[in-house]
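Written below as structure tokens is the structure these notes are about.
The values are calculated or read from the model by the stated rules, or taken from the named source; none is laboratory data. Small disclaimer: the values here were computed from a predicted structure and weren't measured. SASA here: full protein model, heavy atoms, side chains in, ligands and nucleic acids out. Shrake-Rupley method; radii C 1.70, N 1.55, O 1.52, S 1.80 Å.
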Amino acid sequence: MRVEIWSDIACPWCYVGKARFEKALAAFPHRDEVEVVHRSFELDPGRAKGDVQPVITMLTRKYGMSEAQAQAGEDNLGAQAAAEGLDYRTRDRDHGNTFDMHRLLHLAKEHGRQDQLIQAFYRANFAEERSVFTEGDERLVELAVEAGLDADRVRAVLADPDAYADAVRADEREAAQLGANGVPFFVLDRTYGVSGAQPAEVFTQALSQAWGERSPLRLIDEGDDAQACGPDGCAVPQPG
């Protein structure tokens, strides 16, 4: 079974939702047969790469809330993250463009290191003092190397703005086609969708239901005329 997760590194609920989903997946009896794929979704796709501002400032301007309301929201998120065993800095975080990080996640997918990289990005953005937005490409290189990627390959991708750009945009178009207008958005076997950072129990139910409703293979038996190869060799047609 495949689970696709549309998310953004700048999305705190994606950070929390990933932890809740993984709690459910860890207890799922068929967890070793579940493939998890992370898909791209930018919450702020129009933001220029160099446009970085404090999270509180972004929240007040984007949603028209007061600084006190924005800070209360961050405090609540910190409590939600802590309940899942996650570190979360409720003060002095910043916000910026995540497109390059999404491009690197597509590189990581090719090398089987996607989950490690998105977790490194989440940790750096939500838990660490150093910024993923203001220290330049080398900060992303450092995190990618920690996740098991080759530094030179990462630098080459970052130096080429077209590298994996189409893959990111394709993910975002597909999210729109599936009806996802926010993240996190979980799609199980292209049959069930779960929107938001739901409790682990909801993910447990979704995994069980999706697994239970998988269609078994229906074999069309063509009898003796169906030629095939097997462990004992290949059937050789005999002259009539």
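Looking only at G17, G179, G196, which one moves most when the chain is put into a Gaussian network model with springs between Cα atoms under 10 Å?
In the Gaussian network model the winner is G179.
Roughly what % of DSSP beta bridges within the chain run antiparallel, to the nearest 5?
If we restrict to bridges inside the chain, about 65 percent are antiparallel.
Please work out which option in (1) 19.3, 67; (2) 21.9, 87; (3) 16.7, 48 gives Rg and Dmax of the Cα atoms in Å calculated from these coordinates, and answer with its label.
Given (1) 19.3, 67; (2) 21.9, 87; (3) 16.7, 48, the calculated one carries the label (2).
Looking at the chain as a GNM with Cα springs under 10 Å, which of A127, A19, A72 has the largest mean-square fluctuation?
A72
Going by alpha carbons, how many degrees (0 to 90, nearest 10) lie between the helix axis of 200-212 and the longest principal axis of the chain?
For 200-212 against the chain, the angle is about 20 degrees.
Roughly how many Å² of I9 are accessible to a 1.4 Å probe, to the nearest 10?
Rounded to the nearest 10, that gives 0 Å².
Out of S208, S40, S131, any idea which swings most in a Gaussian network model of the chain, alpha carbons joined below 10 Å?
Highest fluctuation of the listed residues: S208.
Could you pull the Rg and Dmax for region 98-174, using just the Cα atoms, both in Å?
For region 98-174, the Cα-based Rg and Dmax read 11.7, 34 Å.
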